[in-house]
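One structure is given here, and the rest of the page talks about it.
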Amino acid sequence: MSRIVIVSNRLPITIKKTAENELIYYPSAGGLATGLNSLDESLDKIWIGWPGQEITDEWERESIRQDLSNRGLAPVFLTRQDIILYYEGFSNKTLWPHFHYFTQYTDYNDATWESYQNVNQKFADVINPLIKPDDLVWVHDYQLILLPAMIRAVHPNVSIGFFLHIPFPSYEIFRILPWREALLDGVLGADLIGFHTFDYMRHFLSAAYRVSGYEHNFGKLNVGNRVVNVDVFPMGIDYEKYAFPDKDENSADDTSFIEKLALHQRILLSIDRLDYTKGIPQRIKAYSQFLENHPEYHRKVCMVMIVVPSRDQVDQYQELKHQVDELCGIVNSTYGGFDWTPMRYLYRSVNFRELTTLYRLSEVAMITPIRDGMNLVAKEYVASKEENKKGVLVLSEMAGAANELLEAILINPMDVNDMEKAIVTALDMSEEEQALRLDKMQKKLKKYDVKHWANTFMNEQIRLTNARKESQTNVLNEEEETSLIAAYRQAQNRLIVLDYDGTLMNFHVDPQAVVPDEMLIDILTRIKKYGR
Ligand code: GDG
């Protein structure tokens, strides 16, 4: 019976310590956890990752191991130094900007790279003793790119999948990284490598060929004696959760202020983590230009901008925060009045009920990242319109989601004029057209939800594992070898059937040019003599 071993940087649970040193466990059910819960019930699952808190005391670690193991989780304990160098350092200051094409922010730092290797090895050291031969291991995301090869080194035959949640950049960008080969070698330890979009897959295949010389045939690469499959698996959302939010969430949270605001003004929604990849300043500029050129909308619209705090110790993020604060201030002071605030800007996260109320009541969602692996907010916004069928999604072409949500108004996030036009088109769109577009997108999102994503990936991993078992070379054991030799010696008539190209000699572009070399002639001569 197969078991699924999920590995991600963070566990779907966070441990916090109270002032009295008591440990509290907070579950965080993200999209990934939902998708995985929906996998075949008969499959056992364990999840391995960092629990989000530095624990140094060995007694405390053991007690956490026990608590978590009852929930099917296993912790990888990281030190403060690991978090600074591996997570905040190499993951978020090197790989994150680089893979999102922000090469000006890429930090080239041997110390963080060393820590990245060490922490990937720490994960491997926790996982390797737990793995059983029939397990299906599924590693997630850019923090753990080296891990597949580290597992493979100890478990040559175990099935390993890897999914990258962020973009894979073009070869021209990837090749700049000094650690490009090591990163490829690491991920190529997997049997199945998945990306959100066809373009990311294409970039990866091109890098694997041009950096490491692995040619592919329809996404299959021969790496040593293994076949590595590369494919596209666009991640979906838990559709029902956003389409019918009141059914499963705490309805005591007060959202009346949002409801009142929506009664008087047409809400344009902007919601992201604070990140330079999200295009927040450009979006504010487009809104500002729209207000400048369209006074007829004054007092009728309001942009609600939620910026969720993130990575605020990093310089670029602090600068971005100042820039966003300033731009929002300029918009409100230039166009606002005693009777109207054109931007409602919050630097905090909102609870689920506030989030889904905002989704439901916003007439327009401006989701305009400069680069984004997928962007689930765009999908959640569309799902939340299941009942009222009113709303327009303005979406960046650079978000992975744009490959599926073709009925959104697609824009170039660096083109402020394009975004300004999109705002007007969205606000002027007839209700019939809104409903028509939403309906088409909703059908896709319902069908290709997060459960579909997780199941498709896992089923592909199972299929590949079975195919590999069938095509595996059966090496003769000693007993078989002795009996074969004895039978060969005794035989009166001997027929030896040998494959030539690709078996006795390597493949060559011109098959006619492959002549047997000395070594092969020697082997054949010895086989002939053996029976005498
Ligand atoms: C990676 C890739 C890819 C956000 N603010 C609040 C809040 N959220 C929730 C949303 C959504 C999730 O967080 C964000 O999803 P994204 O897709 O935007 O991004 P990440 O998960 O950070 O990052 C990304 C994704 O992986 C999946 O592969 O799409 O491209 O970067 O679910 O609803 N939730 C609440 N309050 C908030 O203020 N409650």
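The values are calculated or read from the model by the stated rules, or taken from the named source; none is laboratory data. It should be emphasised that the depicted structure is a prediction, and the values quoted were computed from it without experimental measurement. Cβ: placed from backbone, ideal geometry, glycine included. Neighbour counts: every protein chain shown. In case anyone asks, the SASA skips ligands and DNA or RNA and just uses the protein heavy atoms, side chains included. Shrake-Rupley method; radii C 1.70, N 1.55, O 1.52, S 1.80 Å.
With all protein chains in place and a 1.4 Å probe, the accessible surface of the chain carries 51 percent carbon and sulfur. Quick check: the distance between the Cα centres of the range 296-352 and the range 133-151, to the nearest angstrom? Distance between centres, Cα-based: 40 Å. May I ask which residue of ILE523, GLN490, MET505 lies farthest towards the positive end of the charge dipole of the range 478-530, with charges of +1 (Lys, Arg) and -1 (Asp, Glu) on Cβ and the Cα centre as origin? It is GLN490, whose Cα lies furthest towards the positive end.
Tell me the angle of helix 352-361 to the major Cα principal axis of the chain, expressed in degrees between 0 and 90 and rounded to the nearest ten. Roughly 70 degrees between the two axes. Report summary: the helix-based calculation at 222 nm, which adds -39500 (n - 2.57) for every DSSP H run with n ≥ 4 and divides by the residues of the chain, gives -13000 deg cm²/dmol. A 1.4 Å probe run over the chain, with the rest of the protein chains in place, finds 49 Å² accessible per residue.
Think of each Lys and Arg Cβ as +1 and each Asp and Glu Cβ as -1; about the Cα centre, that makes the dipole of the range 239-447 roughly 320 debye. Between 0 and 90 degrees, the angle of helix 110-127 with respect to the longest Cα principal axis of the chain falls at about 70 degrees.
Prolate is the label for the chain. Its Cα gyration tensor axes, ordered a ≥ b ≥ c, give a/c of at least 1.5 and a/b above b/c.
The chymotrypsin sites (Phe, Trp or Tyr not before Pro) of the range 94-190 that DSSP puts in a loop, and whose beta carbon has at most 13 other beta carbons within 10 Å, are TYR108. Scaled against the 2.2 N^0.38 Å expected of a compact globular protein of N residues, the Cα radius of gyration of the range 478-530 reads 1.42. For the range 478-530, a crude dipole built from +1 on the beta carbon of Lys and Arg and -1 on the beta carbon of Asp and Glu, taken about the Cα centre, is about 420 debye to the nearest 20. For LYS260, a cut-off of 19 angstrom between C-alpha atoms picks up these aspartates and glutamates, skipping any fewer than 8 places away in its own chain: ASP246, ASP339, GLU354, GLU363.
Estimated from the Cβ-Cβ distance and a Förster radius of 56 angstrom, the FRET efficiency linking ALA467 and HIS294 is about 0.45. For the cross-link pairs LYS421/LYS446; LYS17/LYS447; LYS321/LYS451; LYS17/LYS93; LYS122/LYS469, which exceed 32 Å when the distance is taken from alpha carbon to alpha carbon? Correct reply: LYS17/LYS447; LYS321/LYS451. Extension gain, GLU62 to ALA19: 0.36 nm times the residue separation minus the Cα-Cα distance gives 13.4 nm.
In percent, what relative contact order does the chain have, based on Cα pairs under 8 Å that are 6 or more apart in sequence? It would help to have the intermediate numbers written out before the result.
Details: 856 pairs, mean separation 65.5, N = 532.
For the chain, the relative contact order is 12 percent.
At what distance in angstrom do the alpha carbon centres of the range 54-88 and the range 192-214 lie from each other? Distance between centres, Cα-based: 33 Å. Simple rule: put +1 on each Lys or Arg Cβ and -1 on each Asp or Glu Cβ in the chain, find the dipole, and look at SER42, ILE6, ALA383; the Cα lying farthest toward the positive end is SER42.
Which trypsin sites (Lys or Arg not before Pro) in the range 333-442 sit in a loop by DSSP (not H, G, I, E or B) and have at most 15 other Cβ atoms within 10 Å of their own Cβ? Kindly include the intermediate steps, with their values, before the conclusion.
Details: sites: ARG344, ARG348, ARG353, ARG360, ARG371, LYS379, LYS385, LYS389, LYS390, LYS421, ARG437, LYS440; in loops: ARG348, ARG371, LYS385, LYS389, LYS390.
In loop regions of the range 333-442 (DSSP not H, G, I, E or B), the sparsely surrounded trypsin sites (Lys or Arg not before Pro) are ARG348, LYS389, LYS390.
Look at where the Cα atoms of the range 463-532 and of the range 155-190 average out, and the two centres are 35 Å apart. List the aspartates and glutamates whose Cα lies under 12 Å from the Cα of LYS241, skipping any in the same chain that are fewer than 8 positions away. Within the straight-line limit of under 12 Å, LYS241 reaches these aspartates and glutamates: GLU249, GLU380, GLU386, ASP449.
Each of PHE163, LEU263, SER91 was placed along the dipole of the chain (beta-carbon charges, centred on the mean Cα), and the one lying farthest toward the positive end is PHE163. Note on the chain: with charges restricted to the Cβ of Lys and Arg (+1) and Asp and Glu (-1), its dipole about the Cα centre is near 720 debye.
Projected over every direction and averaged, the convex hull enclosing the alpha-carbon atoms of the range 52-123 yields 5.5 nm². For the chain, the longest principal axis of the Cα atoms and the long axis of helix 431-447 meet at an angle of about 30 degrees.
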